[in-house]
Amino acid sequence: QVQLVESGGGLVQAGGSLRVSCTASGLIFSVNAMAWYRQSPGNAREMIAGITGGRAELTNYADSVKGRFTISRDNAKKTVYLQMNSLKSEDSGEYFCAAHHSTVPLGNPDYWGQGTQVTVSS
């Protein structure tokens with residue numbers, strides 16, 4: 001059974017930093033593409049960062065977070081991270097970890113975490 005467990009959300013002031021983590025079980029992990037999604041009230045869930053599986057570990061970001069957020073992975077710990085810097089109030093929302101069977105984060109993920117709330121106060 002695959003499980004993705006997020007942690008690290010919370011309340012932070014605008015301009016601050018926060019790191020959220022997602023630990024996986026039931027996956028090989030190193031070959032799985034991983035992604036972070038964000039959903040704020042009244043908006044659709046959107047992918048904000050993705051990282052490929054395998055040796056390349058290529059990353060891609062939504063324009064709204066490019067240059068401020070960094071996705072990374074530690075395959076030994078089966079954990080993916082999202083480092084968020086220069087946070088803005090519009091970054092507030094529920095952050096979801098997602099995993100793909102494939103090595104590239106394209107299309108709908110195959111597995112989802114339960115989400116962790118990030119609130120940025122202005």
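The values are calculated or read from the model by the stated rules, or taken from the named source; none is laboratory data. Keep in mind that what you see is a predicted model, and the values were worked out from it rather than measured. All Cβ positions, glycine included, derive from the backbone under ideal geometry; neighbour counts span all protein chains shown. Ligands, DNA and RNA are stripped out before the accessible areas are found, and what is left, the full protein with its side chains, is counted by its heavy atoms. Shrake-Rupley method; radii C 1.70, N 1.55, O 1.52, S 1.80 Å.
Overview of values
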{"read-out": "In nm, spacing of pseudo-spin labels at Ala76 and Val31 (7 Å Cα→C-beta vector)", "value": "2.2"}
{"read-out": "log₁₀ of I(q)/I(0) at q = 0.10, 0.18, 0.23 Å⁻¹ - the chain, Debye sum with one point per alpha carbon", "value": "-0.26, -0.86, -1.37"}
{"read-out": "Point-to-point label distance, Asn85-Ala44, nm (Cα→Cβ direction, 7 Å offset)", "value": "3.1"}
{"read-out": "Computed magnitude of the charge dipole of the chain (debye, nearest 20; Cβ of K, R +1, Cβ of D, E -1)", "value": "240"}
{"read-out": "Charge tally in the Cβ shell below 14 Å around Asp63, where Lys, Arg are +1 and Asp, Glu are -1, Asp63 excluded", "value": "+1"}
{"read-out": "Separation between Cα centres of segment 41-80 and segment 88-122, rounded to whole Å", "value": "9"}
{"read-out": "Candidate residues Leu58, Leu4: accessible-area rank, largest first, probe 1.4 Å", "value": "Leu58, Leu4"}
{"read-out": "Extension gain, Val104 back to Lys66 (0.36 nm per residue minus Cα-Cα distance, nm)", "value": "11.8 nm"}
{"read-out": "Residue-by-residue Karplus 3J(HN,Hα) for segment 116-122, coefficients 6.51, -1.76, 1.60, Hz, glycine and proline x", "value": "9, 8, 10, 10, 10, 8, 9"}
